Structures are given as structure tokens and as C-alpha cells.
Amino acid sequence: MTATIIDGKAFAARVREQVGEHVSRLKADHGITPGLAVVLVGADPASEVYVRSKGKMTVEVGMKSLEHRLEADTEEADLLALIAQLNADPAIHGILVQLPLPKHLNEDLVINAIDPAKDVDGFHISNVGLLGTGQKSMVPCTPLGCLMMLREHHGSLSGMDAVIIGRSNIVGKPMAQLLLNDSCTVTIAHSRTKDLAEVVRRADIVVAAVGRPEMVPGDWIKPGATIIDVGINRLDAPEKGEGKTRLVGDVDFASCVDVAGAITPVPGGVGPMTIACLLANTVTACCRANGLAEPEGLTA
Ligand code: GUN
């Protein structure tokens, strides 16, 4: 069997198109332009790339993009003052503080200073609690993108066995909550899990989010299972020339593609969905802030 390749790039383009249509309606019917503020502290090169890409796509769907770049040695009080200012600004509907923050800043404190209604990352403790109790919340972008792809491929996920490898606050834990809310039987595996191969072999759905290149081989996969590969790992690729690199996921694509029923590629799978879901969350936050109907199909 050769797996269906789930095309995240094409799916993300459709999500952005839907967001763009909703933004046009908000402008035309209500005179409202959704605004997203991104805060970057320091100059981490990977974060710079993400932030530039987020800004470009925000503008492409017709929203307002504001970037705040702060020095790496910014004091916590100054960052908190900026967040308070963005919380109070009615033209800003979404606030994202790019992680990781420099070591001297308390990440939990900073994230929990964001107004939960503007927390388009879904990292604020109150959004985490709302998601965990099945209430309306802002949902973290990467797990939301994974859920959208799973629902698109399967329709209902009810009763499926899902194994998530990785227990991070950004992906593993919220992914588990979302799949539980969709009536999957959920297992969260991690570095201390005994006999990971056996656990993964039970899964109808495997979500790999550990950050270890090509860790999951094809012989761990139940025939026909759906694999969502969240990993983005950069490896040296001397075969492509000196200094060249290539991106791989947490799953060994070459061996898994012959066993799985469906699989997301890296690149072109989960990655593009993350920014599309950030834009979706921003338009959702804008609608909620203005007491308007939310776009359908863009929330969990
Ligand atoms: N750094 C890497 N991924 C993310 C993300 O999804 N949100 C934020 N705020 N920072 C990140």
C-alpha cells in the first residue's frame, strides 16, 4: 500500500483564502480590519524567519500586521508594559509573543499577561483550561492545523485510537485535548514511555511531535494508519552540495509511506497549516471581540 499524501500546503492556501473572504466581509459590512501584533524579543534567526513569514501572510489576507521588535536585553517590565498597551488597543485583535524568549524573561508570566481573548497562540492558562474542559477557547495553531487535516481526511474521528508522541505545552498536550474532544481514545507517549513501538502499533492516528529526526520507522505503524508529522528538523545534506541542508520530520517518511493509509510530508504538511491557523485565530478573535458570528470551519 502507498499512503495518500496529505497536502498541507494546498490545504493551508484554502484556509487562508477562507480567512481572506471573511476579512473582506468584516471590512465591507462592519468597517473592521482585524489586527495582529507580533512581538519579537532579540534576533534569533529562526524566529526572524517565522515573524517575517507571519507578517507577509497577515497582510496578504487583508489584515493589519504590527511588528514590535525589542532588544535581546529588554527588561521584563518593559515587555509587560508593551503587552498592556496592546491589550488595551481596540485595533489589535491578536497578540503573539514569539517564543523562545531570552533566558532572563519569565515565559509563563509574559504569556499570562496577554488578554486571553487576544491570545491567538492559545497558550494563556485560561485558554488551556477552557480547552481542557471542552469550552470555547483560543486553540494553539499547530494542533488546530493537525485537527483540521485529520477531520478533512476522515470526517468523524470518533472512536479512533490516537497516539501522540511528545508532551509539549505547544503541541502534544493541546493535541491530546482536541482529539479527546473529538472522541478519540488518546495516549500521550514521551521519552519515558515503555515499549514505544508497541504503543504506536495500536494507533489509527499517530501524531509525532518530539523534534527527533526520522525517529518513527515504518515497522511501528499499523497498516492503514494516518500519520501527522509535526517535526521540522534540519539535517546536513552534503549530497546536495557543500553546506547544504534538508528538512525532515520526526517520522521516517520513506519506510512509513508504504505502510500508512495517509501521511503528511515534511516540508509541505503541518508547517504551512500553523500560520494559516494563526490567521484563522486572529479573525475568530476579531469576530468574538465585536460580537459577530465566527467563521465556520476555522475553529475546533
Ligand atoms: N515559536 C515556535 N513556534 C511558535 C508558536 O507557535 N508560537 C509562538 N508564539 N512562538 C513560537
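The values are calculated or read from the model by the stated rules, or taken from the named source; none is laboratory data. Just so it is clear, the structure is predicted and the values come from calculations on it, not from any experiment. Because the Cβ atoms are built from the backbone with ideal geometry, glycine has one as well, and the counts that use them run over all protein chains shown.
Some observations on this one:
- Taken over segment 96-123, residues that are surrounded by 22 or more Cβ atoms within 10 Å (Cβ to Cβ) and in a loop (DSSP other than H, G, I, E, B) amount to 6.
- Qualifying residue in segment 67-79 (condition: on the phi > 0 side of the Ramachandran plot and in contact with a helix residue (DSSP H, G or I) (Cβ under 9 Å, 6 or more places away or on another chain)): no
- When each of VAL206, VAL200 is tested for being surrounded by 19 or more Cβ atoms within 10 Å (Cβ to Cβ), without any contact (Cβ under 8 Å) to a residue 60 or more places away in the chain and in a strand (DSSP E or B), the lone residue that passes is VAL206.
- Among the residues making up segment 232-254, those that are buried (at least 24 other Cβ atoms within 10 Å of the Cβ) and assigned to a loop (DSSP other than H, G, I, E, B) are GLY249, ASP250.
- Number of residues in segment 24-43 that are farther than 25 Å from LEU70 by Cα and part of a strand (DSSP E or B) equals 0.
- Restricting segment 26-50 to residues that are within 16 Å of the ligand (Cβ to nearest atom), aliphatic (A, V, I, L, M) and at pLDDT 95 or above leaves a set whose member that is surrounded by the fewest Cβ atoms within 10 Å (Cβ to Cβ) is LEU40.
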